[in-house]
Structures are given as structure tokens and as C-alpha cells.
Amino acid sequence: MIDKQTIYSYNIVVLTTTLWEIEMRFKLDDSLGFILSKANIKLKNELFQRFKEYDITPEQWAILCCLWEQEGITPKELSDLTCKDKPNTNRILEKLIIKGLVVRNPHPVDKRAFQIFLTDKGRALREQLIPKANQLIEKATTGIEEHKVVELKKMLNQIYDNIK
């Protein structure tokens, strides 16, 4: 005959094991991080293909976008704006300098820093690249109402802020 304590202990073990099994289940395809990563990879690959004829990578595109908004910012500011580390940002800038799209000038106040400016060639790329990027966004958001796209951006920014 089994006493109440044995039944109680057995029930706790079963309950604990069941809760642990529930907590230990993880479907990769249902993971927010994985879904975001998949979408990001697809978007970057598609952007790369669309910019191939201009010899611009998605990483270089991000830097150019920042400079089209505000020239004369420092590599550190570009790193912060593009969420890239400084060495990576500097490598991207070097390639853009070699391509003749940007120049690096000494900072007028902080002699240790530099400011980044677009060349005429870098400014001219804006007219070719922005329509291609906008076409990609249109393709990616086909079938999604505009207000939902706006809401999605807000939610993704909130997720970013929550983890920051």
C-alpha cells in the first residue's frame, strides 16, 4: 500500500518534470530571433543583388544613408547610427574612400577625430539606390497594410530598446 506522502512526492516529481519539459521545448521556427534573422538575411541578400551593379554592399548602403541625412559626422557617430563596432565601420569607410564616394577630413575642433563627407559621386548615388531600396521594401511588405508596417517598425524598435 502506498501512503499519502509517496503519492504527494510522486505528484511533485511528475509536475516538476512536466513543467521542466514544457520550459525546455523550443521551436526554432517559432523563435522571434530566428524569424527576424531569416527576414534580415533575405533582405540583405536581395539588397546586395539590387546594388551589385553599383558595387555597394548593404553595410556601405547604411553608411551612405546616414551621410545623405547628415554629412560631417564622425566614424564613431556612424558606428552608433548603424549599430556597428568602430573597426567594422572604419573598414567600410576605407572601402567607400577607395571607391571615391566619401572623404575623411580632420575635425576642426577635436584634432584626434575626423569628419566624413560625401563626394559628388557619393551624393549622386542617392538617386539610383534609394528607388531600388524602396522597391525592395514594397516587395517585402506586399500584402501588409501600411498601418501594420508602421506598427511593426514600432514593435521592432521597442524590442531593440528593451534589449539595449
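The values are calculated or read from the model by the stated rules, or taken from the named source; none is laboratory data. Worth saying up front: this structure is predicted, and the values here are computed from it rather than measured. Counting neighbours? That spans all protein chains shown, and the Cβs are built from the backbone with ideal geometry, glycine included.
Every test in (1) farther than 17 Å from residue 48 by Cβ; (2) surrounded by 13 or more Cβ atoms within 10 Å (Cβ to Cβ) is passed by residue 112 save one, and that test is (2). Suppose the filter is outside any loop (DSSP other than H, G, I, E, B) and surrounded by 16 or more Cβ atoms within 10 Å (Cβ to Cβ); does residue 156 pass it? Spelling it out, it is not the case that residue 156 is outside any loop (DSSP other than H, G, I, E, B) and surrounded by 16 or more Cβ atoms within 10 Å (Cβ to Cβ).
Taking residue 29, is it part of a helix (DSSP H, G or I) and exposed (fewer than 10 other Cβ atoms within 10 Å of the Cβ)?
On the way: part of a helix (DSSP H, G or I): yes; exposed (fewer than 10 other Cβ atoms within 10 Å of the Cβ): yes.
Yes, satisfied.
Within the stretch 102-139, if we keep just the residues that are farther than 15 Å from residue 73 by Cβ and part of a loop (DSSP other than H, G, I, E, B), the residue that is modelled with the highest pLDDT turns out to be 119.
Answer yes or no as to whether residue 141 is surrounded by 13 or more Cβ atoms within 10 Å (Cβ to Cβ) and farther than 22 Å from residue 64 by Cα.
Working: surrounded by 13 or more Cβ atoms within 10 Å (Cβ to Cβ): yes; farther than 22 Å from residue 64 by Cα: yes.
Taking the combined requirement at face value, the residue satisfies it.
Beta carbons closer than 9 Å, at least 6 apart along the sequence or on distinct chains, pair a first residue in the stretch 26-37 that is among the hydrophobic types (A, V, I, L, M, F, W, C) with a second that is surrounded by 10 or more Cβ atoms within 10 Å (Cβ to Cβ) for 28/34; 32/159; 36/156; 36/159.
Matching residues to (1) of a type in the set (A, V, I, L, M); (2) outside any helix (DSSP H, G or I); (3) over 18 Å from residue 120 (Cβ atoms):
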| residue | (1), (2), (3) |
| --- | --- |
| 61 | no, no, yes |
| 64 | yes, no, no |
| 71 | no, yes, no |
| 76 | no, no, yes |
| 80 | no, no, yes |
| 87 | no, no, yes |
| 90 | no, no, yes |
| 93 | yes, no, no |
| 96 | yes, no, no |
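A search for C-beta distances below 6 Å between a residue of the stretch 80-99 that is crowded, with 17+ Cβ neighbours inside 10 Å and any residue that is of a type in the set (Val, Ile, Thr), counting only pairs 6+ apart in sequence or on different chains, returns 92/63; 96/102. Of all residue pairs spaced 6 or more apart or on separate chains, those with beta-carbon atoms under 7 Å, a first member in the stretch 117-138 that is closer than 15 Å to residue 70 by Cα and a second member that is in a helix (DSSP H, G or I) and aromatic (Phe, Trp, Tyr) are 126/68.
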